[in-house]
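Asks: Supplied in structure tokens, the structure appears directly below.
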Amino acid sequence: MTKIEMTEQIIVAKKELGLSWEEISKKVGLGSVFLTSACLGQNSLTKEPAKKLCKVLKLGKDVEKALIEFPYKTWEKSIPTDPVVYRFYEVIGVYGDTIKELIGEKFGDGIMSAIDFSMDIDKEKNPAGDRVVITMNGKFLPYKSW
């Protein structure tokens, strides 16, 4: 089973059971961002969470095996057209250099890890319109000289 086939089965089961990613992640015992990413094929799960997920969604061993397989992470280099994804490109386009500059000032020359990383997505009620709150937390990795 491919990661794409796995994702399709997970999405169908999620819809049929009427569960949210938040509900599924609580039952599996993982963060909703990471679990959703694994279900969409961008990360892998270890055996126990994969087994729990398949039990929650009533899916078979083939999905469990696909969840455990390491993903091949790729993305198109062109700008996406989905408005939500596009806006992240816009944010990085407008604020990317600022983010890099401020990280450099506070930490030195290096990067924020996307491997030793966590992210939370929350909703903040606001009378002017609800707000999307995204918290990214990555380990700082300095560049090495050799």
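Asks: Give me the aspartates and glutamates in straight-line cross-link reach of K125: C-alpha distance below 20 Å, same-chain residues under 8 apart excluded.
Replies: Straight-line reach from K125, under 20 Å: E22.
Asks: Just to be sure I understand: of the beta bridges DSSP finds with both ends in the chain, what percent are antiparallel, rounded to 5? Each step should come with its number before you reach the end.
Replies: Values: 11 of 11 bridges.
Taking every DSSP beta bridge with both residues in the chain, the antiparallel ones total about 100 percent.
Asks: Further, regarding this structure: Just in region 1-79: which trypsin sites (Lys or Arg not before Pro) are loop by DSSP and have at most 13 other Cβ atoms within 10 Å?
Replies: Numbers: sites: K3, K14, K15, K26, K27, K47, K51, K52, K55, K58, K61, K65, K73, K77; in loops: K58, K73, K77.
Taking region 1-79 and a limit of 13 other Cβ atoms within 10 Å, the loop trypsin sites (Lys or Arg not before Pro) found are K58, K73, K77.
Asks: Note the direction-averaged projected area, equal to a quarter of the hull surface, for the Cα convex hull of region 1-97, in nm².
Replies: Details: hull surface 28.7 nm².
The Cα convex hull of region 1-97, projected and averaged over all directions, gives 7.2 nm².
Asks: Now for a different question. Considering Cα pairs under 8 angstrom that are at least six residues apart, work out the relative contact order of region 1-72 and quote it in whole percent. Could you put the intermediate results ahead of the total?
Replies: Values: 83 pairs, mean separation 28.9, N = 72.
Relative contact order for region 1-72 comes out at 40 percent.
Asks: Given C-alpha coordinates of region 77-146, what is the ratio Rg to Rh with the Kirkwood estimate of Rh? The partial results should precede the final answer.
Replies: On the way: Rg = 15.1 Å, Rh = 14.5 Å.
When Rh is taken as the Kirkwood radius, the ratio is 1.05.
Asks: On to the next question. Please compute the contact order of the chain in relative form: average sequence separation of alpha-carbon pairs under 8 Å and at least six residues apart, divided by the residue count, as a percent. Intermediate values should be presented prior to the final figure.
Replies: Working: 151 pairs, mean separation 27.2, N = 146.
For the chain, the relative contact order is 19 percent.
Asks: Which lysines does K51 reach when only Cα atoms under 20 Å apart count, and residues fewer than 8 places away in its own chain are ignored?
Replies: K3, K14, K15, K26, K27, K61, K65
Asks: Right, here's the next one. In a Gaussian network model over the chain where Cα atoms closer than 10 Å are linked, find which of S20, S44, S78 has the largest mean-square fluctuation.
Replies: With Cα springs under 10 Å in the chain, the top fluctuation among S20, S44, S78 is at S78.
Asks: Subtract the Cα-Cα distance of K27 and W146 from 0.36 nm times their separation in residues, and report this length gain in nm to one decimal.
Replies: Values: separation 119, 0.36 × 119 = 42.84 nm, distance 4.66 nm.
This chain segment gains 38.2 nm when fully extended.
Asks: For a quick check of your reading of the filter: which GluC sites (Glu not before Pro) in region 97-146 sit in a DSSP loop and have no more than 11 other Cβ atoms within 10 Å? Let's see the in-between values first.
Replies: Values: sites: E101, E105, E124; in loops: none.
For GluC sites (Glu not before Pro) across region 97-146 that sit outside H, G, I, E and B with at most 11 neighbouring Cβ atoms in 10 Å, the list is empty.
Where a number appears in this text, it was derived from the coordinates with a stated rule and is not lab data. This is a predicted model, so every value here is computed, not measured. Methodologically, a virtual Cβ is constructed for each residue, glycine included, from the backbone with ideal geometry; neighbour enumeration extends over all protein chains shown.
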